[in-house]
1. Report every pair of residues separated by at least 6 positions or lying on different chains whose Cβ atoms are under 8 Å apart, first residue within region 21-33 and under 15 Å from residue 110 (Cβ atoms), second in a helix (DSSP H, G or I) and of a type in the set (A, V, I, L, M).
2. Within region 78-96, can you find the residues that are assigned to a loop (DSSP other than H, G, I, E, B), under 14 Å from residue 123 (Cβ atoms) and under 16 Å from the mean Cα position of the chain (by Cα)?
3. Tell me which of these residue 79 doesn't satisfy, since it passes every other one: (1) among the hydroxyl-bearing types (Ser, Thr, Tyr); (2) within 16 Å of residue 8 (Cα to Cα); (3) at pLDDT 95 or above.
4. Among (1) in a helix (DSSP H, G or I); (2) modelled with pLDDT of 95 or more; (3) touching a helix residue (DSSP H, G or I) at 6+ places or on another chain (Cβ under 8 Å), which single condition is residue 69 missing?
5. In this structure, does residue 61 turn out to be assigned to a helix (DSSP H, G or I), exposed (fewer than 14 other Cβ atoms within 10 Å of the Cβ) and not aliphatic (A, V, I, L, M)?
Amino acid sequence: MNKYLLDTNICIFFIKGKFELDKKIAEVGEENCFISEITIAELKYGIENSKTVEAMRKIVEPFINKFAVIPVYNSLDIYAKEKAKLRKQGLMIDDFDILIGTTAIFNNMIMVTNNVTHLSRPDKIVIEDWTSF
């Protein structure tokens, strides 16, 4: 069975009820979907940056608890190589995007994102865009 790492944008779309992502996650099995520590950091920043902090916390925290969290530590060697490669190619992307992508690579997961342009740059990444189904 495939394992899926949900990018932050997919998590936000899910929380907002867009693209029938609840059905897609149910189809592949919630137990086969994971989020990165980096995604949690980005979601928590979104809470703190919102105009309704407590209301957002009540929505986002239960979402975070739905999924197993994948640490980034084991992917740091791949991250360093990919960042150096992208810098030399003049194709830099955000560090958090590289970290999330290389976490998917290290853990042999499919990266679920609609940020295909940037996240397809690391070598050996497998991507699915669940917003275009």
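The values are calculated or read from the model by the stated rules, or taken from the named source; none is laboratory data. All values derive from a computational prediction rather than experimental measurement. Using ideal geometry, Cβ is built from the backbone for each residue, glycine included, and neighbour counts are taken over all protein chains shown.
1. Qualifying pairs under 8 Å: 21/10; 33/25.
2. From region 78-96, those assigned to a loop (DSSP other than H, G, I, E, B) are 90-94; that's our starting set.
Imposing the further condition that a residue be under 14 Å from residue 123 (Cβ atoms) reduces the set to 91, 93.
93 - this is the single residue of region 78-96 that is assigned to a loop (DSSP other than H, G, I, E, B), under 14 Å from residue 123 (Cβ atoms) and under 16 Å from the mean Cα position of the chain (by Cα).
3. (2)
4. (1)
5. yes
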